[in-house]
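Working notes for the structure below.
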Amino acid sequence: MKAHATTAPQPIEFIDLAAQRRRLGGRIDAAINAVINHNRFILGPEVQRLERALAEFCGAKHVLGVSNGTDALLLALRAKGVTAGDAVLLPAFTFTATAEVICLAGATPVFVDVLPDSFNMDPQSLKSGIVTARANGLRPVAAIVVDLFGQPADYDALEPIARENGLWILADAAQSFGAAYRGRKVGRIGTIATTSFFPAKPLGCYGDGGAVFADDAELAAVIDSLRVHGKGTDKYDNVRIGMNARLDTLQAAILLEKLAIFPEELIARERIAQRYGERLAGLVQVPRLIDGATSVWAQYTVVTRGRDALAASLKAAGIPTAIYYPRPLHRQTAYAHFPVAGNGVPVSERLSAEVLSLPMHAYLDEAIQDRIIDAVRVGLRA
């Protein structure tokens, strides 16, 4: 008797950029060709058009396109004069870029904890972190509030703490641009907000890119100067020590086409997230939106004690997963010597051992999503 051949499960994409490309390919090709034809590759007209379009989208008064999300954060800190002896508070449960820029500015990061359900900064831990900073002889000047996985943090709880302690807020919206919080769109929250256009973001380009958002005209002018080597009246009149942090015209042209369909994609992301939530509730801890917030679902992240076994089971079924983040920042070699708020960051440490992100993008169809959900059920029973 002839043995039946077994076929491996058809792998699926964690983020299917090709599906979006099939939808937008002709428009993006035309946009790229237009830049190639006019030859203004640095700060060309598409950059200004994108800045105006982003401002209109979120309501910010001033938007500046920059080279990437990390430079966006650093520009914000430098524009506000953050320096040695200053403490900047941030969550321990985030990507290294958030801490990295504090060190590059010469200041000291102080790590605080996050909430177990929203994954965003814990207001009580922020209070504790401010006390810790002062006990270490530092001047607490700012908090970088990270909107993790797509939804804004609870700014109504965090902003009064910042005001009472003389801190300004930098909203790290690398994962949340397009979301809103109690009537405020991301980009209008914080003294300065920043975002990233890394290709995997909900609004991503075909390389690196980012933006800085501010309502204060003088602050925006300083950021504009800093992103072009500290220029004054022109690029050969340098009035401050700046950076080379400009957004490429080609990336701006691509983002203009993607921004045009972004609202439709956000609706699709919300539908997919709701479907995940309905079918996975009770099996794993599913994400919870705080009252009055929307999410762009940059990641769909569940929490389970059997994370590693589940990830292995899904991989065997051809389903990719990701872990954001497997080690909190204060446990990483580069940051292990910096202060940690109060009694530590136990929620960040637990989440790092239990979070698992499932495939999420605007073009995830129901059949593939059902396959993912069924595989999660099987993996949890194994």
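No lab work stands behind these numbers, since they all come straight from the coordinates. Predicted, not measured: the structure shown is a model, and the values here were computed from it. Cβ coordinates were reconstructed from backbone atoms using ideal geometry, including for glycine residues, and neighbour counts include every protein chain displayed.
Where is the GNM fluctuation largest for the chain (alpha-carbon springs, 10 angstrom cutoff): 150, 137, 190? Highest fluctuation of the listed residues: 137. Using only the Cα atoms of region 124-278, build the gyration tensor, take square roots of its eigenvalues as a ≥ b ≥ c, and label the shape rounded, prolate or oblate: rounded if a/c is under 1.5, else prolate if a/b is larger than b/c, else oblate. Oblate is the answer for region 124-278, as a/c is 1.5 or above yet b/c matches or exceeds a/b. Exposed loop positions in the chain were taken to be trypsin sites (Lys or Arg not before Pro) whose DSSP state is not H, G, I, E or B and which have at most 16 other beta-carbon atoms within 10 angstrom. Between these positions, the longest stretch is 62-181.
Just checking my list (1) 83, 58, 38; (2) 67, 53, 38; (3) 61, 50, 43 against Cα extents along the principal axes in Å computed from this structure; which label fits? Only one option fits the structure, namely (1). Restriction of the chymotrypsin sites (Phe, Trp or Tyr not before Pro) in region 219-305 to DSSP coil positions whose beta-carbon has at most 13 other beta-carbons within 10 angstrom yields 236. Mean-square fluctuations from a GNM of the chain, with a 10 angstrom spring cutoff on Cα atoms, peak among 53, 220, 260 at 260. As I understand it, the dipole of region 170-220 uses +1 on the Cβ of Lys and Arg and -1 on the Cβ of Asp and Glu, about the Cα centre. Which of 207, 186, 170 lies farthest toward its positive end? Checked the options; the winner is 186.
As a calculated quantity, the FRET efficiency between residue 84 and residue 233 at R0 = 35 Å, using C-beta atoms, amounts to about 0.70. Applying 1/(1 + (r/R0)^6) with R0 = 25 Å to the Cβ-Cβ distance of residue 381 and residue 350 gives a FRET efficiency near 0.60. A Förster radius of 25 Å combined with the Cβ-Cβ distance from residue 261 to residue 12 puts the calculated FRET efficiency at roughly 0.65.
Count Lys and Arg as plus one, Asp and Glu as minus one, and take only other residues whose Cβ is under 10 Å from that of residue 128; the net charge is then -1. The residues neighbouring residue 272, those whose beta-carbon lies less than 14 Å from its own, together hold a net charge of -4 under the Lys/Arg +1, Asp/Glu -1 convention. Extension gain, residue 96-residue 217: 0.36 nm per intervening residue step, less the Cα-Cα distance, totals 40.6 nm.
Computed extension length for residue 135-residue 308: 58.4 nm, one decimal, from 0.36 nm per residue of separation with the Cα-Cα distance subtracted.
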